[in-house]
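K.L.:
One structure follows; several queries about it will come next.
The values are calculated or read from the model by the stated rules, or taken from the named source; none is laboratory data. It should be emphasised that the depicted structure is a prediction, and the values quoted were computed from it without experimental measurement. Using ideal geometry, Cβ is built from the backbone for each residue, glycine included, and neighbour counts are taken over all protein chains shown. We work out accessible area using only protein heavy atoms, side chains counted, and drop any ligands, DNA or RNA first. Shrake-Rupley method; radii C 1.70, N 1.55, O 1.52, S 1.80 Å.
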Amino acid sequence: AVTIYFVSMDGVVTLDKSFYLPGQQITIRVDDSDAATDPTIIESITVRVTSTSDPTGIVVQLLETAPDSGVFVGQVLISNNTFDRGNPGIIFANIGDTITVVYTDQFPEDYATTGRSKDISATAFVGELLEKPIAISPTLVISTLDGTPATTIIAGQLYLISVSLTNNNPIPVSFTVLFLVLDPTGTPVQVQLQSTTLGPGQSVSIGFSVTFPSPGEYKVRIVVVKSIADQTPLADRFEQVVRVESGELK
């Protein structure tokens, strides 16, 4: 009896960057030694490239870098022009999209067991990844608990201070908001925090309840960080002065 051993391995799909802008090219690389069947010629494989805005996508041919190398490379251009949708070598995508490259490996690592091909993918985002992606609204909204805007802030009364935050990155961002109230001497009299996650381009209004203990000028400071454990800033620090009056107004 003759025993035949079938040895195969999963292909690997890599892109030259993790994010792109419209007008830029993606360089796609697939490493798959099983796809190099003829050591004397340069062979080719295909991948399908799709985006959130174009789920059908296009097929892109990758050429082997050298005979029997098992390394295949090709390019695709990103365009946000609707007239380019479906054109060869161009993937239509908008800011905030995810681009997905799928390679169907005909002989993956588990082929001897399953006898089936396997889809292997890599993704990238369309849009610039900002170091500080969270934008804080330019002014605070101060209101009484029933939602009425507070034109005069009185010491000893309870107020709701809210701020709007926007994620300008094309990927979801999780973060923690530190809310501090500093008295006229610069001493923190209140510290609160909230954590949330925003999707690409999403905004949220976050509110904090505050009582100013005495009259004077207070500073409300807002700091956005990755987390309490990792206080990498994800937004420019915000400060606003709030003038607090006594309750004995004439």
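K.L.:
How about region 61-80: which of its residues are without any contact (Cβ under 8 Å) to a residue 40 or more places away in the chain and not hydroxyl-bearing (Ser, Thr, Tyr)?
P.N.:
Once the filter is applied, which keeps residues that are without any contact (Cβ under 8 Å) to a residue 40 or more places away in the chain and not hydroxyl-bearing (Ser, Thr, Tyr), region 61-80 yields Gln61, Leu62, Leu63, Glu64, Ala66, Pro67, Asp68, Gly70.
K.L.:
Another question, if that's okay. Output the number of the condition that Val59 fails; it satisfies all remaining conditions of (1) assigned to a strand (DSSP E or B); (2) among the aliphatic types (A, V, I, L, M); (3) more than 25 Å from Leu130 (Cβ to Cβ); (4) open to solvent by less than 60 Å² (accessible area, probe 1.4 Å).
P.N.:
Of (1) assigned to a strand (DSSP E or B); (2) among the aliphatic types (A, V, I, L, M); (3) more than 25 Å from Leu130 (Cβ to Cβ); (4) open to solvent by less than 60 Å² (accessible area, probe 1.4 Å), only one is false for Val59: (4).
K.L.:
For residues in region 7-42 being in contact with a Lys or Arg (Cβ under 9 Å, 6 or more places away or on another chain) and open to solvent by 20 Å² or more (accessible area, probe 1.4 Å), which is farthest from Ala66 (Cα to Cα)?
P.N.:
Across region 7-42, the extreme among qualifying residues is Gln24.
K.L.:
Cβ contacts < 6 Å: first residue of a type in the set (A, V, I, L, M, F, W, C), restricted to region 142-167; second residue part of a loop (DSSP other than H, G, I, E, B) and surrounded by 15 or more Cβ atoms within 10 Å (Cβ to Cβ), any location; separation 6+ or different chain. Result?
P.N.:
Going by the 6 Å Cβ cut-off, the qualifying pairs are Ile142/Ala150; Ala155/Phe212; Ala155/Pro215; Ile161/Leu140; Val163/Ser137; Val163/Leu140.
K.L.:
Also, I was wondering about something else. Inside region 62-88, can you point out the residues that are in a loop (DSSP other than H, G, I, E, B), open to solvent by 30 Å² or more (accessible area, probe 1.4 Å) and not basic (Lys, Arg)?
P.N.:
Residues satisfying the conditions are Thr65, Ala66, Pro67, Asp68, Ser69, Asn80, Asn81, Gly86, Asn87, Pro88.
Each row is one residue, and each column tells you yes or no for (1) over 30 Å from Ile78 (Cβ atoms); (2) β-branched (Val, Ile, Thr); (3) open to solvent by less than 20 Å² (accessible area, probe 1.4 Å).
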{"residue": "Asn94", "(1), (2), (3)": "no, no, no"}
{"residue": "Asp97", "(1), (2), (3)": "no, no, yes"}
{"residue": "Phe107", "(1), (2), (3)": "yes, no, no"}
{"residue": "Asp110", "(1), (2), (3)": "yes, no, no"}
{"residue": "Arg116", "(1), (2), (3)": "yes, no, no"}
{"residue": "Asp119", "(1), (2), (3)": "no, no, no"}
{"residue": "Ile134", "(1), (2), (3)": "no, yes, yes"}
{"residue": "Leu160", "(1), (2), (3)": "yes, no, no"}
{"residue": "Ser174", "(1), (2), (3)": "no, no, no"}
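K.L.:
Look through Asp10, Asp34 and report the one residue that is among the acidic types (Asp, Glu), assigned to a loop (DSSP other than H, G, I, E, B) and more than 21 Å from Gly127 (Cβ to Cβ).
P.N.:
Asp10
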